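See below for the structure under consideration.
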Amino acid sequence: MSIIGVGIDVAEIDRFRASLDRTPGLAGRLFLDSELYLPSGERRGVASLAARFAAKEAVAKALGAPPGMHWTDAEVFVEDSGQPRLRVKGTVAARAAELGVKAWHLSLSHDAGVASAMVVAEG
């Protein structure tokens with residue numbers, strides 16, 4: 001397999017929180033319910049959401065930042081082992097297929113007021 005694209009992004013957590021507070025419908029446009037809520041039904045913390053947003057931005061960069069991609073077509077989830085993963089559909093899956101992406105690698109982090117994500121698209 002070969003690397004098709006790499007993307008990295010950071011999000012300032014307080015700035016992301018302010019954006020969510022200022023625009024009530026923003027969270028619903030960026031995230032699926034499975035990303036917004038823990039299995040218990042409790043809403044995820046803003047640092048976790050900022051990292052997920054950074055992951056979506058990193059996915060777009062790994063795919064060449066094509067126009068028309070939908071945020072909710074890239075879903076960040078965590079396996080039982082704790083490893084973050086990507087699930088893609090729709091516009092993101094279509095672009096990934098055009099480029100020959102067969103596998104995704106994802107790393108998330110948040111510390112000192114900043115959330116970050118790195119994505120590798122592999123073919």
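Since every read-out is calculated from the coordinates, none of them should be taken as a lab result. These figures come from a predicted structure and were not determined experimentally. Virtual Cβ from ideal backbone geometry, glycine too; neighbours counted across all protein chains shown.
Annotations for the structure displayed:
- Sequence ranges 81-91, 60-70, ranked by mean other-Cβ count within 10 angstrom, highest first: 60-70, 81-91
- Förster radius 22 Å - calculated FRET efficiency between SER2 and LYS89 (Cβ-Cβ, nearest 0.05): 0.40
- The alpha carbon centroids of the stretch 105-119 and the stretch 41-70 are separated by 11 Å.
- Considering only ALA103, LEU63, VAL92, and ranking their Cα positions along the charge dipole of the stretch 29-110 that arises from unit charges at the beta-carbon of Lys, Arg, Asp and Glu, the one farthest toward the positive end is LEU63.
- Net charge dipole, the chain: roughly 240 debye, given to the nearest 20, about the Cα centre with Cβ charges of +1 for Lys and Arg and -1 for Asp and Glu.
- A crude spin-label estimate for the pair ALA97 and SER19, with each label 7 Å from Cα along the Cβ direction, gives 2.9 nm.
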